[in-house]
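Reviewing the structure listed below.
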Amino acid sequence: MRIIHCADLHLDSKMESNLDRDQAALRRGELMETYERMVEYAEANQVRAILISGDLFDKPHIRKEYKKRVVEQIVSHPEIDFYYLKGNHDRCDFMEEGIDTIPSNFHMFNSEGWVSYTCDDVVITGMELNSSNVSTLAQRLVLDSAATNIVMLHGQQSDYDGKDGAEIVNTTTLKGKFIDYLALGHVHKYIYEPLDDRGVFCYPGCLEGRGFDETGDKGFALLEINDGKIESEFIPFAKRRLHEIEVNVKAEMDLQGAINKAKRLIDDVDPQDMIKFVITGERELDDELDITRFVRAFENKYFFVKCYDRTKTMVDYDSFLYDKSLKGEFVRLVQSQDMDEDEKAKIIELGIRAIMGEDIE
């Protein structure tokens, strides 16, 4: 028996923090298409059930087309059971709008207590968390020790940084509760760790990375269940990957040298991917990095490219020691201040550029 465990699809996200309007619209469509491709994958690989551990959608008001397409996949695949547990972003009852009868293969949970379903030889149990039930969830969970038990929750496991203030899932309190697989949602990276001597907990991460805090492979967990034993494999599935590439430069390296080094660092990056370059290292005081030109060297070869200058400016204080110009006076004044050396260098750089009549943004 096979089961897909996914979470944090965030369908109908705005996607405009990095992208222009057309790119954002394209990415919104791609998020939905990846959900549809995942269901096609389930059909092709004889997957019995799909667990959605929260944040299927991204906001309360979802486009009608998106809700319709989600429902269409459920209705057109009656051989697959869908288990949907709302997350902290899910605020719409998409199945209740324009649907005469909720499909028999669609199953939900609530926040009033634990709800269990039997899917072939597996018992799937879940509860939607809120501030009223989170402290007592473990005490209220009663499972059959002889069954193969999957438990679904959406929240922040206390050992990891999460997003958007979801309720805390204290996995310590869930030890010894006869859980074989704890199917979590909320953390946007893949995590698979032991829960206790019997079971494991897993965050499958998000299906598609939306920002550069979600770099690397994204996808879902594929569970293979035989004779009560659960084995899990992470399946990379995103259409595009996001990459953060550090380009460390030396003071004597010109812009073309930095571009050439960056090209060597992205030899294996797919042209359809998204890249954020972070330029680090040192540069001379009067050597300004042309970030616009740097980005132009890549932007027509990849779906999206951005760049941040995180270099440190080298300042030879001794060269200004006896300089009687305004620049010398300014450098000596800043140098005498009690502050961090990097902060001094940045102030001196901006000050000298202003003295020389440059526009300071």
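Computed quantities for the displayed model
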{"item": "Residue count for region 231-250, restricted to those that are part of a strand (DSSP E or B) and either in contact with a His (Cβ under 7 Å, 6 or more places away or on another chain) or open to solvent by 80 Å² or more (accessible area, probe 1.4 Å) (or both)", "result": "4"}
{"item": "Lone qualifier among Gly155, Gly199, Gly176 - being among the small types (Gly, Ala, Ser) and within 14 Å of Asn88 (Cβ to Cβ)", "result": "Gly155"}
{"item": "Number of the exception - Gly219 against (1) modelled with pLDDT of 95 or more; (2) under 12 Å from the mean Cα position of the chain (by Cα); (3) open to solvent by 10 Å² or more (accessible area, probe 1.4 Å); (4) not hydrophobic (A, V, I, L, M, F, W, C)", "result": "(3)"}
{"item": "Region 303-316 - residue that is open to solvent by 40 Å² or more (accessible area, probe 1.4 Å) and at pLDDT below 75 and, of those, farthest from Asn248 (Cα to Cα)", "result": "Asp316"}
{"item": "Unmet requirement for Asn105, which otherwise passes all of (1) open to solvent by 50 Å² or more (accessible area, probe 1.4 Å); (2) farther than 16 Å from Ala183 by Cβ; (3) polar (S, T, N, Q)", "result": "(1)"}
{"item": "Residue in region 282-289 that is open to solvent by less than 80 Å² (accessible area, probe 1.4 Å) and modelled with pLDDT of 80 or more present", "result": "yes"}
{"item": "Subset of region 292-345 (residues that are more than 30 Å from Arg210 (Cα to Cα) and of a type in the set (Lys, Arg))", "result": "Lys324, Lys327, Arg332, Lys344"}
{"item": "Meets criteria (modelled with pLDDT of 95 or more, open to solvent by 20 Å² or more (accessible area, probe 1.4 Å) and assigned to a strand (DSSP E or B)) for Ile225", "result": "no"}
{"item": "Complete set of residues in region 263-280 that are crowded, with 17+ Cβ neighbours inside 10 Å and closer than 13 Å to Asp309 by Cβ", "result": "Lys276, Phe277, Ile279"}
{"item": "Out of Leu242, Leu255, sole residue that is in contact with a Phe, Trp or Tyr (Cβ under 8 Å, 6 or more places away or on another chain) and under 30 Å from Tyr203 (Cβ atoms)", "result": "Leu242"}
{"item": "Hey, Val75 farther than 23 Å from Val151 by Cβ, surrounded by 21 or more Cβ atoms within 10 Å (Cβ to Cβ) and of a type in the set (Val, Ile, Thr) or not", "result": "no"}
{"item": "Subset of region 46-95 that is closer than 16 Å to His188 by Cα and in contact with a helix residue (DSSP H, G or I) (Cβ under 8 Å, 6 or more places away or on another chain) - its residue that is modelled with the lowest pLDDT", "result": "Phe57"}
{"item": "Selected residue (only one of Glu112, Glu43, Glu79, Glu36 is among the charged types (D, E, K, R), without any contact (Cβ under 8 Å) to a residue 40 or more places away in the chain and under 22 Å from Met274 (Cβ atoms))", "result": "Glu36"}
{"item": "Close pairs (9 angstrom Cβ cut-off, 6 or more residues apart or separate chains): under 13 Å from Met38 (Cα atoms) and in contact (Cβ under 8 Å) with a residue 40 or more places away in the chain in region 224-241, assigned to a loop (DSSP other than H, G, I, E, B) and hydrophobic (A, V, I, L, M, F, W, C) anywhere", "result": "Phe237/Leu207; Ala238/Cys206; Ala238/Leu207"}
{"item": "Residue match in region 293-302 (condition: among the hydroxyl-bearing types (Ser, Thr, Tyr), part of a loop (DSSP other than H, G, I, E, B) and either modelled with pLDDT of 95 or more or under 26 Å from Gly54 (Cα atoms) (or both))", "result": "yes"}
{"item": "Search result, residues across region 146-161 that are modelled with pLDDT under 95 and either open to solvent by 20 Å² or more (accessible area, probe 1.4 Å) or touching a Cys at 6+ places or on another chain (Cβ under 6 Å) (or both)", "result": "Ser158, Asp159, Tyr160, Asp161"}
{"item": "Top-ranked residue of region 114-144 - restricted to ones that are open to solvent by less than 80 Å² (accessible area, probe 1.4 Å) and hydroxyl-bearing (Ser, Thr, Tyr), ranked as farthest from Lys86 (Cα to Cα)", "result": "Thr136"}
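Residues checked against (1) open to solvent by 50 Å² or more (accessible area, probe 1.4 Å); (2) closer than 28 Å to Val305 by Cβ; (3) part of a loop (DSSP other than H, G, I, E, B):
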{"position": "Met15", "(1), (2), (3)": "no, yes, yes"}
{"position": "Asn18", "(1), (2), (3)": "no, yes, yes"}
{"position": "Ala25", "(1), (2), (3)": "no, yes, no"}
{"position": "Ala42", "(1), (2), (3)": "no, no, no"}
{"position": "Ile50", "(1), (2), (3)": "no, no, no"}
{"position": "Val70", "(1), (2), (3)": "no, no, no"}
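The values are calculated or read from the model by the stated rules, or taken from the named source; none is laboratory data. What you are looking at is a predicted structure, and each value in this text was computed from that prediction instead of being measured. Ideal geometry is used to build each Cβ from the backbone, glycine not excepted, and the neighbour counts take in all protein chains shown. The area values use the complete protein model at the heavy-atom level, side chains included, leaving out ligands, DNA and RNA. Shrake-Rupley method; radii C 1.70, N 1.55, O 1.52, S 1.80 Å.
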